[in-house]
Amino acid sequence: MTGQHEVTTAPGETPAPQTLTNHHGTLFGGAALASMDRIAFIVATRHGRVPFVTASCDRIDFRAPARIGQIVCFSGRPVRVGRRSMVVEVEMIAEDIATGSRALCSRGTFTMVAMPRADETDWMLPPLDVATDTPEEAGTLRMVDIVFPGQANSFGAICAGNALAHMTKAAFVVATRRSRRATVLASCTGMDFKHRIMIGSIIEPIARIVRTGRSSATVEVELWSEELLTGLRQRTVTGTFAMVAVDEDNRPVAAFAA
């Protein structure tokens, strides 16, 4: 299970990158820990399908910095399950846009405690599944996050603009990985919202490139929502994004295989 965040000024980056990085141009340790804890929460909730709280985090070692202009990937997996608590291991990896080289920035374990209903006195977490994660389809990017109140409207549903920001970020990452150039959004089409996404839901943009030209790529993005406690998944919206590779002067540059 992975969540991806880019420390750049790419479309859809919220909050602004300068609030995530220090005067050295690297990701704040606290910002990294917040994202790692969020991933641990998603992993635990998907396993137990009950509310969880963080009990502790153990020895978070920062081995390398994540710098402005890099894509940062957070991935988590359950490593131990008890009766009402579980341990989730989370890694943070920084990826260079130009070369694709990846470096392990940090790794740590988070102890997550389940909070079932008071009347569920005999409730226990399911055992750890020995099956591995489903392999990701080649050329397809999957990202996860949670909808918090700051992203929602007065009815408790995610604002359309924030949903589009997540989709644009996924399009940016998949297009940048293909071109190994900075990419910018030229246009987006075909947006048709079919379901509301409420506060506390997991959102998962799934992006794939469907067509390329010399300097542009068309990226199809599906935005799925998942209820935390039931696991119910719904495809909420699908759209296409035209991404253009640019040089240092923000001019289109040939970077995609036609």
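The values are calculated or read from the model by the stated rules, or taken from the named source; none is laboratory data. Nothing here was measured: the structure is a model prediction, and the numbers come from that model. Backbone-built Cβ (ideal geometry, glycine too); neighbour counts: all protein chains shown.
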*So which residues in region 88-106 are farther than 11 Å from Q70 by Cβ and either touching a Leu at 6+ places or on another chain (Cβ under 7 Å) or of a type in the set (S, T, Y) (or both)?*
E91, S106
_I need a count of the residues in region 92-114 that are assigned to a strand (DSSP E or B), surrounded by fewer than 20 Cβ atoms within 10 Å (Cβ to Cβ) and not small (G, A, S)._
8
*Residues being part of a strand (DSSP E or B) and either buried (at least 16 other Cβ atoms within 10 Å of the Cβ) or touching a residue at least 40 places away in the same chain (Cβ under 8 Å) (or both) - total across region 229-238*: 5
*Hey, among F193, F241, which residue is in contact with a strand residue (DSSP E or B) (Cβ under 6 Å, 6 or more places away or on another chain), surrounded by fewer than 17 Cβ atoms within 10 Å (Cβ to Cβ) and either at pLDDT 95 or above or more than 14 Å from T140 (Cα to Cα) (or both)?*
F193
*Within region 67-75, identify whether any single residue is surrounded by 16 or more Cβ atoms within 10 Å (Cβ to Cβ), within 13 Å of V43 (Cα to Cα) and assigned by TED's automatic domain parsing to the domain that holds G48, and answer yes or no.*
yes
*Test each condition in (1) farther than 21 Å from R46 by Cβ; (2) assigned to a loop (DSSP other than H, G, I, E, B) for L185 and report the one that comes out false.*
(2)
*Quick check: anything in region 134-146 closer than 30 Å to S85 by Cβ, out of contact with any Gly (no Cβ under 9 Å at 6 or more places or on another chain), free of Cβ contacts under 8 Å to residues at least 40 places away in the same chain and among the β-branched types (V, I, T)?*
yes
*Given (1) charged (D, E, K, R); (2) buried (at least 20 other Cβ atoms within 10 Å of the Cβ); (3) in contact with a Lys or Arg (Cβ under 6 Å, 6 or more places away or on another chain), where does K169 come up short, assuming only one miss?*
(3)
*Between residues in region 52-72 that are under 28 Å from A118 (Cα atoms) and residues that are of a type in the set (F, W, Y) and surrounded by 13 or more Cβ atoms within 10 Å (Cβ to Cβ), which pairs lie under 8 Å by C-beta distance while being six or more apart or on different chains?*
F52/F41; T54/F41; T54/F110; S56/F110; C57/F110
